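One structure is given here, and the rest of the page talks about it.
The values are calculated or read from the model by the stated rules, or taken from the named source; none is laboratory data. Since the model is a prediction, treat every value here as computed from it, not as a measurement. As a convention, Cβ positions derive from the backbone with ideal geometry for all residues, glycine included, and neighbour counts pool all protein chains shown. Just so you know, the surface numbers come from the protein's heavy atoms only, side chains and all, with ligands and any DNA or RNA stripped out. Shrake-Rupley method; radii C 1.70, N 1.55, O 1.52, S 1.80 Å.
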Amino acid sequence: MEKVSASLEENKKYLQGEFQNSMDFMMRELELSGTGAALFALDGLVSKQTITLSILNPLMGAPILAGDGEAKMKFVEKSVLGSVEQKREDRMEQILLLLMSGFAVLFIDGCPEGMVFGVQGFESRGPEEPQNEVMQRGAKDGFTESYQNNMAMIRRRMKTTALKFEKAQVGGQSHTPLAICYLEGIASPQVVEKVKERLENCTLQTALGAGYLVGFLERGGLFTGVGMSERPDVVCGKIEEGRVAILMEGTPSVLLVPFLFVENFQTLDDYLTRPFYGTFIRWLKFLAFFLSAFLPGLYIAITTHHPELLPESLLLKIAQAEAQTPFPVMAETLLLYFLYEVLREAGLRAPRSLSATVSIVGGLVVGDTAVSAGLVSAPSLLVVALTAIAGYAVPRLYEPLALLRLMFLLAGDFMGVWGVMLGLLLLLLHLCGSESFGVPLLSPAAPYSGDLAFRDVFARAGWEKLSRRDAKVQDMPGSREIGE
Amino acid sequence: MAGRKISARQFFISMFVSRVAAAIALNGRYAGEGNPLETIVSYVLSMGLGFLIALPIWGLHHRRPQWDLGRAAVEDMGFIGKLVPLLYFLYFVLMNGTSLALFQLFLMDTVNPAFPAALVAAALTGAALYGALRGIEAVARCATCVFVLLLLGCGLVFGIVAWRFSPENLEPLFYDGFSRTYEGVFLFIARTSVFADMAILLPMVKGRKGLGFALWAGGTALFVGAALLLVAGCLGRYAGTQGFPVYVLSSITQVRSMQRLDAVFTGVWMMGLAVKLAFGLYACRVCLSSLKRDPGPCRGGAWAGALLTEGTALCAAFLPWAREYLMDTRLLFLCTAAAGFVLPLLVLLIDLLRGKKPRGEEENHAKT
């Protein structure tokens with residue numbers, strides 16, 4: 001059934017058929033001056049109080065004009081109901097979708113259209129501080145699972161008519177609604193079009209999280225060209241720079257494109273502190289990234305192939321520690337690394353009441369006992385622990401770092417420092433060849449633009465300079481029109 | 001292939017990295033022995049001569065800015081012209097192969113004879129192949145990063161060894177006449193693939209190319225000059241007895257926080273070499289794409305170039321008789337002269353003789 005029928009009975013039968021065996025399907029029949037009518041909704045998605053106060057009470061209490069169904073519907077629409085969100089709809093597929101999105105629908109016998117009302121009343125979590133993006137000085141509210149609430153959070157911070165929210169939908173089965181958000185006149189129209197095109201081509205049947213869409217928005221690679229944030233202030237800042245945000249119903253994570261490599265090192269706190277300290281923190285994060293990626297590989301490379309690089313006293317200490325363990329340094333580092341990953345995963349997945357136990361068993365029992373039993377050396381344990389801690393300074397890069405560490409470990413073991421250097425070269429080639437929606441991932445460092453690089457990459461300039469002109473993401477050096 | 005463009009700055013920085021990677025590998029056995037100070041003069045002269053050698057390339061590029069030399073030869077000479085991109089392909093294989101072979105020899109002779117040099121060379125070729133397949137933009141951007149590392153690494157090494165510089169180690173210039181200086185000029189020209197790189201890759205470069213070339217020549221002369229001056233001042237006659245004097249220079253660096261920097265120095269050198277190889281392999285791609293009717297990217301060219309490069313390097317490193325031929329300075333000089341001057345001049349003359357109005361026609365061609 002494509003269109004709404006003028007017969008109430010047919011409409012009733014159709015909806016009852018579609019929602020057969022669904023106990024949340026609700027129907028309330030009523031009579032309007034001798035004409036049959038029925039109101040449909042899904043329990044749990046709507047607010048019964050709102051339905052009673054804004055639909056049923058006015059309908060039952062008002063004197064309805066005599067006439068056919070069409071005339072009654074018109075009268076009800078114009079003179080009886082005071083619901084804010086109401087519209088007439090004649091496509092049955094759309095009505096089904098709206099019903100499942102928390103709308104109520106009213107059919108009047110003789111009228112070939114239904115009237116839908118926005119009476120959503122499902123429970124939703126209130127804004128809380130995001131646990132994955134903790135800030136020292138930023139706002140304490142974060143996105144929720146309702147994309148409408150999320151839109152409101154963005155709108156509250158950017159009171160401009162240039163802010164647009166375009167509607168989209170993904171999921172052949174789930175019909176998950178999305179909002180494509182951008183600043184008109186700032187965001188690149190090509191990027192907006194490309195986002196829409198890629199979302200339209202999304203073949204997902206069910207989309208349960210923002211991460212599902214990432215694979216459809218980019219080609220893939222070690223480093224993502226799609227950012228994610230749970231903070232409205234961060235998303236507003238990104239939109240201001242010409243990025244496009246994708247808000248998805250059912251997830252507090254908002255996707256951001258284009259997303260550059262340097263953004264992995266930027267946090268809102270950088271901009272809330274004084275420039276020199278923001279710059280210092282930025283460099284600490286760069287250092288943490290290199291430490292986390294290269295330290296285990298370099299440790300293996302130097303101790304195995306190039307001991308001449310180390311000062312004698314340090315070399316002796318390492319040699320002494322290694323002499324007391326049964327495994328070669330590569331094996332024990334690899335073992336410790338995997339043990340750490342297992343402990344991390346266990347700590348993450350274990351029930352909260354048990355995660356403290358996991359930490360104690362992992363940190364104290366396994367770590368301390370393994371060293372005192374002479375199974376692993378203290379320097380190797382120190383290297384793995386340092387690597388792990390450094391990785392958390394750039395949490396957005398945790399996934400690629402986990403793989404990079406392993407790659408550099410193997411390269412260091414096979415070819416020493418040269419292997420690590422070759423690995424670095426491959427990493428650079430990969431990064432230099434990657435793009436996010438036509439913008440080079442490493443921009444503005446490579447291709448280099450001194451002005452932009454010392455504005456907000458290698459240094460965090462003061463707000464006077466930052467606000468002096470736009471730094472639109474699509475204007476980064478090396479950017480090109482998509483599809484070129 | 002001309003769709004993706006890099007800036008002149010990126011191109012000549014890449015060429016700088018390639019040149020420095022080749023210059024670091026210069027050694028007494030394959031590069032001719034002599035007073036390092038005279039070698040500086042040789043380098044400066046070779047750069048001056050380079051401006052003259054490059055004239056036909058600039059001339060052809062001015063007439064046919066959208067065409068690389070291979071494409072121009074095919075368009076102007078038809079079937080016979082296809083020999084030109086093929087010859088360039090072989091030239092890049094030879095230059096890449098000999099550079100890689102020198103690195104293998106360095107690993108085997110100087111670092112550790114038991115070291116799996118062939119494995120390192122294969123890994124280097126693999127990295128370069130990955131770069132060539134990612135495209136010229138990726139390689140050029142990466143080269144900029146390597147350039148920074150190279151400057152930092154070499155700056156650190158040069159800065160530390162500068163304390164050991166002793167003017168007493170310097171020998172008077174031209175004490176044994178000028179013959180070694182001339183030989184040095186030939187040597188440096190023989191080991192330069194920048195002319196061929198320009199002939200093939202200039203259409204993919206935008207910006208102030210002439211200025212870039214001049215800065216490249218000056219910059220490399222400064223770098224090589226500084227390295228050779230330090231070799232002469234720090235090592236003296238001892239440098240002449242060493243296989244790879246620049247490496248020996250780095251191995252005498254001692255800093256408090258680290259013992260020696262030679263492994264790091266060699267790593268940076270490797271990265272420079274990989275950039276050189278990647279550019280060579282990308283040029284191989286362009287050469288083979290000129291043979292096709294549709295001038296689209298030819299990934300097979302990079303694969304074929306990588307395999308042949310690896311084969312050439314292995315032969316030159318492990319077969320003494322092959323090494324004699326492949327690393328012969330006269331052969332390399334002839335090849336570079338042909339690729340850098342003779343072939344571009346020939347194609348330019350034929351293009352002039354055919355007398356076609358070039359620019360508008362090219363635009364049409366580029367559109368197709």
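Using a 10 Å Cβ count of at most 14 others and DSSP loop calls, identify the longest part of chain A lacking such chymotrypsin sites (Phe, Trp or Tyr not before Pro).
A:123-391
For chain A, with only Lys/Arg (+1) and Asp/Glu (-1) charged at the beta-carbon, what is the dipole magnitude about the Cα centre, in debye rounded to 20?
Here chain A has a charge dipole of around 1080 debye.
Helix A:147-157 versus the longest principal axis of chain A: what is the Cα-based angle in degrees, 0 to 90, to the nearest 10?
The helix A:147-157 is inclined about 70 degrees to chain A.
Please get the size of the charge dipole for the stretch B:74-196, origin at its Cα centre, with Cβ charges of +1 on Lys and Arg and -1 on Asp and Glu, quoted in debye to the nearest 20.
340
If the cut-off is a Cα-Cα distance under 19 Å, which aspartates and glutamates reach A:Lys12, setting aside same-chain residues fewer than 8 apart in sequence?
Within the straight-line cut-off, A:Lys12 pairs with A:Glu2, A:Asp24, A:Glu29, A:Glu31, A:Asp43, A:Asp68, A:Glu70, A:Glu89, A:Asp90, A:Glu93, A:Asp109, A:Glu113.
Summarise the accessible area of chain A (1.4 Å probe, protein heavy atoms) by the percent that is carbon and sulfur.
Answer for chain A is 58 percent, counting heavy atoms of protein chains only.
Give the distance, in whole Å, between the Cα centre of the stretch A:1-63 and the Cα centre of the stretch A:131-192.
Result: 33 Å between the Cα centres.
Leaving out ligands and nucleic acids, and using a 1.4 Å probe, what accessible area per residue does chain A come to in Å²?
That works out to 47 Å² for each residue.
Positive end of the charge dipole of chain B (Lys, Arg +1 and Asp, Glu -1 on Cβ, about the Cα centre): tell me which of B:Thr329, B:Cys145, B:Phe115 has its Cα farthest that way.
Checked the options; the winner is B:Cys145.
Taking every pair of alpha-carbon atoms in the stretch B:6-367, what share in percent sits in each 20 Å bin, from 0 to the bin with the longest distance?
In whole percents, the pair-distance histogram is 31, 58, 12, 0.
Return the sequence-ordered ³J(HN,Hα) values of the stretch B:50-65 in whole Hz as given by the Karplus equation 6.51 cos²θ - 1.76 cosθ + 1.60 applied to θ = phi - 60°, using x for Gly and Pro.
Each residue of the stretch B:50-65 in turn: x, 4, 6, 4, 6, 4, x, 5, 5, x, 5, 5, 5, 6, 10, x Hz.
Which distance in Å, rounded to a whole number, links the C-alpha centroids of the stretch B:121-148 and the stretch B:100-117?
Centre-to-centre (Cα) distance: 22 Å.
Can you compute 3J(HN,Hα) from phi for each residue in the stretch B:226-241, using the Karplus curve 6.51 cos²θ - 1.76 cosθ + 1.60 with θ = phi - 60°, rounded to whole Hz and x for Gly and Pro?
With coefficients 6.51, -1.76 and 1.60, one gets 4, 4, 6, 5, 5, 4, 5, x, 9, 9, x, 5, 4, 4, x, 8 Hz.
Quick one: which residues, 5 or more positions from A:Met228 or on another chain, have an amide H under 5 Å from its amide H? H modelled 1.01 Å from N in the peptide plane, none for Pro or chain starts.
A:Leu256
Quick one: how many lysine pairs in the stretch A:147-270 have C-alpha atoms under 15 angstrom apart, if they're 8 or more apart or on different chains?
So the count works out to 4.
Just to be sure I follow the definition: excluding the sites themselves, where is the longest run in chain A that has none of the trypsin sites (Lys or Arg not before Pro) in a DSSP loop with at most 13 other Cβ atoms within 10 Å?
A:220-467
For B:Ser7, enumerate residues with amide H under 5 Å from its amide H, sequence gap 5+ or separate chain, H modeled in the peptide plane.
Counting only residues 5 or more places away or on other chains, the set is B:Lys206.
Place a +1 charge on the Cβ of each Lys and Arg in the protein assembly as shown and a -1 charge on the Cβ of each Asp and Glu, then give the dipole magnitude about the Cα centre in debye, rounded to the nearest 20. Each step should come with its number before you reach the end.
Numbers: 75 positive and 75 negative charges, 436 e Å.
For this selection, approximately 2100 debye.
Averaged over its residues, how many other protein chain Cβ atoms are within 10 Å of peptide B:125-138's Cβ atoms?
Per residue, the average neighbour count from other chains is 4.
If I stretch the segment between A:Lys3 and A:Leu354 completely, what's the gain in nm (0.36 nm per residue apart, minus their alpha carbon distance), one decimal? If you can, show how the numbers build up before the last one.
Details: separation 351, 0.36 × 351 = 126.36 nm, distance 5.54 nm.
Extending this stretch completely gives an extra 120.8 nm.
Report the residue, chosen from B:Phe92, B:Phe106, B:Phe11, that carries the largest GNM mean-square fluctuation when chain B is represented by alpha-carbon nodes joined by springs under 10 Å.
B:Phe106
Which GluC sites (Glu not before Pro) does the stretch A:1-74 hold that lie in a coil by DSSP with at most 12 other beta carbons within 10 Å?
A:Glu2
Toward the positive end of the charge dipole of the protein assembly as shown, about the Cα centre and with charges on Cβ (Lys, Arg +1; Asp, Glu -1), which of B:Gly210, A:Ala41, A:Tyr271 goes farthest?
B:Gly210
May I ask you to give the solvent-accessible area per residue for chain B, in square angstrom, as obtained with a 1.4 angstrom probe?
40
Any idea what angle helix A:398-432 forms with the longest principal axis of chain A, computed on alpha-carbon atoms, 0 to 90 degrees, nearest 10?
Once rounded, one gets 20 degrees.
Using a 1.4 Å probe on protein heavy atoms only, how many Å² of accessible area do B and A hide from each other, summed over both chains and rounded to 100?
In total, this chain pair buries about 2800 Å².
³J(HN,Hα) across the stretch B:266-274 via Karplus (A = 6.51, B = -1.76, C = 1.60, θ = phi - 60°), whole Hz, x for Gly/Pro?
Calculated HN-Hα couplings, in order: 5, x, 5, 4, 4, 5, x, 5, 5 Hz.
Taking N as the number of residues in chain A, what value does Rg over Cα atoms divided by 2.2 N^0.38 Å take?
1.27
Residue farthest toward the positive end of the dipole of chain B, with Cβ of Lys/Arg at +1 and Asp/Glu at -1: which of B:Thr309, B:Cys287, B:Gly219?
B:Cys287
5 Å is the cut-off here: which amide hydrogens, built 1.01 Å from N in the peptide plane, fall below it relative to A:Ser436, excluding neighbours closer than 5 in sequence?
Hits under the 5 Å cutoff: A:Leu441.
Quick one: if you stick a label point 7 Å off each Cα along the C-beta vector at A:Asp24 and B:Ala162, how many nm between them?
Result for the modelled spin labels: 7.4 nm.
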